[in-house]
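One structure below.
The values are calculated or read from the model by the stated rules, or taken from the named source; none is laboratory data. Only a predicted model underlies this, so the values are computations on that prediction, with no experimental measurement involved. Here the Cβ positions follow ideal geometry from the backbone for every residue, glycine too, while neighbour counts run over all protein chains shown. Quick note on the areas: whole protein, heavy atoms, side chains included, nothing else; ligands and nucleic acids left out. Shrake-Rupley method; radii C 1.70, N 1.55, O 1.52, S 1.80 Å.
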Amino acid sequence: LIYRRDEDLRATTKRHPAIMRYRTLVDPQNGRLLAADAHILFDGGAYNTLSPVVNSRGVIHALGPYQCPNVRVEGLMVATNTPPNGAFRGFGAPQVMFAAERHMDRIARTLGLDPVEVRRTNLYRDGHITPTGQALVDVGALEVLDKAMLSAKNHPIPPLVDRPGGGGESAYLKRGRGVALVWHGCGFTGNGEAALKGKV
């Protein structure tokens, strides 16, 4: 059975849609996270499929690669009258990391701080403990950020060439850069590997 593209979009699993609400307490001087409260509502579709793992991984990754001493995350998965949703190389992490990165941008904008510096201030470092109790060692986040920023500085943005766009706002093309960081654990989260039949 080979679906047409429109059939595939209507009838096969997609990444779980999510509505996410983030609230944080931060130090207004530097944007350091002091406390975070995240509420994540995933749409599981009509059947369970991979929803428990997606919910678990979403909750674990909810704050992205940022250290915060006081964290509460609530993840809910609801059944809806739609095709079941699945996982695609991220199992719930991409949805929440998008929200966490946008939240970091909003913190920086609200406080009038550089969004890169807010990220640098909060990035995980050796010895930090994640909200799930994992002690981190050999963390390379700061090194990656610094090298990426240096590379961006050494490669200026080329000028925008005039070309026709669409109507309204899309008639104006803008060129710029953004920054986002992610972290992602491997495996099926928790004891999910126990269910796998193949062993190596």
Worksheet item: Taking region 19-32 only, how many residues are open to solvent by 40 Å² or more (accessible area, probe 1.4 Å), over 13 Å from residue 67 (Cα atoms) and in contact with a helix residue (DSSP H, G or I) (Cβ under 7 Å, 6 or more places away or on another chain)?
Response: 3
Worksheet entry | Residue under evaluation residue 50, criteria (1) open to solvent by 40 Å² or more (accessible area, probe 1.4 Å); (2) of a type in the set (A, V, I, L, M); (3) touching a helix residue (DSSP H, G or I) at 6+ places or on another chain (Cβ under 8 Å); (4) modelled with pLDDT under 90, criterion not met | (3)
Fill in: Residues of region 121-140 that turn out to be in contact (Cβ under 8 Å) with a residue 24 or more places away in the chain, among the polar types (S, T, N, Q) and open to solvent by 50 Å² or more (accessible area, probe 1.4 Å), as a count
1
Worksheet item: Quick check: anything in region 131-143 in a loop (DSSP other than H, G, I, E, B), in contact with a Lys or Arg (Cβ under 7 Å, 6 or more places away or on another chain) and modelled with pLDDT of 85 or more?
Response: yes
Worksheet item: Would it be correct to say that residue 35 is surrounded by 15 or more Cβ atoms within 10 Å (Cβ to Cβ), closer than 21 Å to residue 130 by Cα and at pLDDT 90 or above?
Response: no
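Right, residue 10: in a helix (DSSP H, G or I), open to solvent by 60 Å² or more (accessible area, probe 1.4 Å), farther than 23 Å from residue 140 by Cβ and in contact (Cβ under 8 Å) with a residue 40 or more places away in the chain or not?
Numbers: in a helix (DSSP H, G or I): yes; open to solvent by 60 Å² or more (accessible area, probe 1.4 Å): yes; farther than 23 Å from residue 140 by Cβ: yes; in contact (Cβ under 8 Å) with a residue 40 or more places away in the chain: yes.
Yes.
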